[in-house]
1. Straight-line reach from Lys163: which aspartates and glutamates fall under 16 Å, measuring Cα to Cα and dropping same-chain residues less than 8 apart?
2. Using a Debye calculation, one point per C-alpha and no hydration shell, please list log10 I(q)/I(0) for region 38-152 at q = 0.14, 0.20, 0.23 Å⁻¹ in order.
3. Could you work out how far apart the two model spin labels at Tyr153 and Arg107 are, taking each label as a point 7 Å from the Cα in the direction of the beta carbon, and quote it in nm?
4. Taking the Cα centroid of region 37-75 and of region 79-109, what is the distance between the two, rounded to the nearest whole Å?
5. How large a share of the accessible area of region 39-145, in percent, is made up of carbon and sulfur atoms when the probe is 1.4 Å and the other protein chains stay in place?
6. For Arg121, what accessible surface area do you get with a 1.4 Å probe? Give it in Å², rounded to 10.
7. If you bin every alpha carbon distance in region 126-176 into 10 Å steps from zero, what whole percent lands in each bin?
8. Determine the equivalent ellipsoid of region 89-176 by diagonalising the alpha-carbon gyration tensor, then write out the semi-axes as square roots of 5 times the eigenvalues, largest first, rounded to whole Å.
Amino acid sequence: MMFHILRATIATIAIVIGTAGSAQTATDTMTFTMDGSEVELLVSPSFARAQSRREISSAADYIDEIDVIGYLLDGNAIDKQVMVRFTVWNLPNELRVGGAYFQITERGNEGGWTTLDLEERAVVILNTYERTDAGLLVEAIFSGYPDFWPNIYKKPQERGPFKTASGQFSIFFPAE
């Protein structure tokens with residue numbers, strides 16, 4: 001257990017240091033790195049085939065369920081997709097993030113990499129969470145140690161291998 005806490009702490013510190021000088025420069029973008037290979041992805045609340053979503057989960061308007069889906073197009077097809085899912089509690093004196101996980105899928109492979117169902121789930125750190133009459137701007141960094149599932153929709157009997165993955169995103173959700 002202590003090993004997992006130490007590993008998560010080291011990963012979080014590495015991400016903060018690694019992204020401190022490279023803040024997100026454009027809205028509706030995502031940068032994703034896995035095993036040292038970095039890819040630039042698009043995110044959009046309006047692209048139907050990979051739509052990022054924000055759902056208000058409470059009548060009091062203080063809990064947001066957020067799915068940010070980064071995608072890489074190859075012609076007219078989605079070649080790679082990274083989905084980051086988390087919940088934000090917008091409390092009077094603080095913002096809390098919980099339930100975070102992410103998964104990576106690629107065209108032509110029914111499997112994928114995910115932090116779902118791991119004791120040590122993904123870490124999401126909000127840099128910007130700004131509500132206005134126009135909508136919601138969310139900017140964050142995320143990290144985790146996903147493992148490969150031969151079928152992304154069915155939990156495997158054996159786990160692993162694990163990889164190191166991290167990223168950052170910026171997305172604006174227009175007011176509805």
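The values are calculated or read from the model by the stated rules, or taken from the named source; none is laboratory data. Everything numeric in this text was worked out from a predicted model, so none of it was measured. Methodologically, a virtual Cβ is constructed for each residue, glycine included, from the backbone with ideal geometry; neighbour enumeration extends over all protein chains shown. The accessibility values were calculated without ligands, DNA or RNA, using every heavy atom of the protein model including side chains. Shrake-Rupley method; radii C 1.70, N 1.55, O 1.52, S 1.80 Å.
1. Asp35, Glu38, Glu106, Asp117, Glu119, Glu120, Asp147
2. Each listed q maps to, in turn, -0.63, -1.17, -1.41.
3. With each label point 7 Å from Cα toward Cβ, the separation is 2.0 nm.
4. Region 37-75 and region 79-109 have Cα centres separated by 9 Å.
5. Summing carbon and sulfur atoms, their accessible area is 45 percent of the total for region 39-145.
6. We get 90 Å² for Arg121.
7. Reading upward from the zero bin: 22, 30, 22, 23, 4.
8. Result for region 89-176: semi-axes of 30, 15, 11 Å.
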